[in-house]
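Heads up, the thing below is written out as structure tokens.
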Amino acid sequence: MNKSELIDAVHAETQLSKADVKKALESFLKQTAEALKKRDKLTLVGFGSFSTVTRKERMGRNPQTRQEMKIEAKTVVKFKPGAELNKDVQ
């Protein structure tokens, strides 16, 4: 499912206008990104939690040349599904 299909599905279920659904979804995505940028944790009870983790600098290997290379440290987003979401997916 892509973003436009999600907007259509929410519109069909809620009877809100597609424009309103799109605004709400874009606002949610923006607020989520801003919270994660500040290293805050976002928890949606029953759905899951978004958080950030900092990966340490490490040595890796280029698979084509087999030459060792340094992989820089970076911050990545982590998602942990909630119990209800896990139950619904099974």
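Here Gln90 passes the criteria (1) surrounded by 11 or more Cβ atoms within 10 Å (Cβ to Cβ); (2) out of contact with any helix residue (DSSP H, G or I) (no Cβ under 9 Å at 6 or more places or on another chain) except the one numbered (1). Of all residues in the range 42-66, those satisfying the criterion of being out of contact with any helix residue (DSSP H, G or I) (no Cβ under 6 Å at 6 or more places or on another chain), free of Cβ contacts under 8 Å to residues at least 12 places away in the same chain and within 19 Å of Val76 (Cβ to Cβ) are Thr43, Gly60.
Would it be correct to say that Lys41 is more than 22 Å from Val89 (Cα to Cα) and either assigned by TED's automatic domain parsing to the domain that holds Val89 or surrounded by 11 or more Cβ atoms within 10 Å (Cβ to Cβ) (or both)? When the stated conditions are applied, Lys41 passes them.
Residues in the range 45-80 that are of a type outside the set (Lys, Arg), part of a strand (DSSP E or B) and under 18 Å from Ala35 (Cα atoms): 11 in all.
For Lys18, the criteria (1) surrounded by 10 or more Cβ atoms within 10 Å (Cβ to Cβ); (2) touching a residue at least 12 places away in the same chain (Cβ under 8 Å); (3) basic (Lys, Arg) hold in every case but one, which is (2). Scoring Lys30 on the criteria (1) surrounded by fewer than 10 Cβ atoms within 10 Å (Cβ to Cβ); (2) assigned by TED's automatic domain parsing to the domain that holds Ile7; (3) charged (D, E, K, R) leaves a single failure, condition (1).
The values are calculated or read from the model by the stated rules, or taken from the named source; none is laboratory data. Note that this is a predicted model, so its numbers are computed, not measured. Neighbour counts are summed over all protein chains in view; Cβ atoms, including those assigned to glycine, are modelled from backbone coordinates with ideal geometry.
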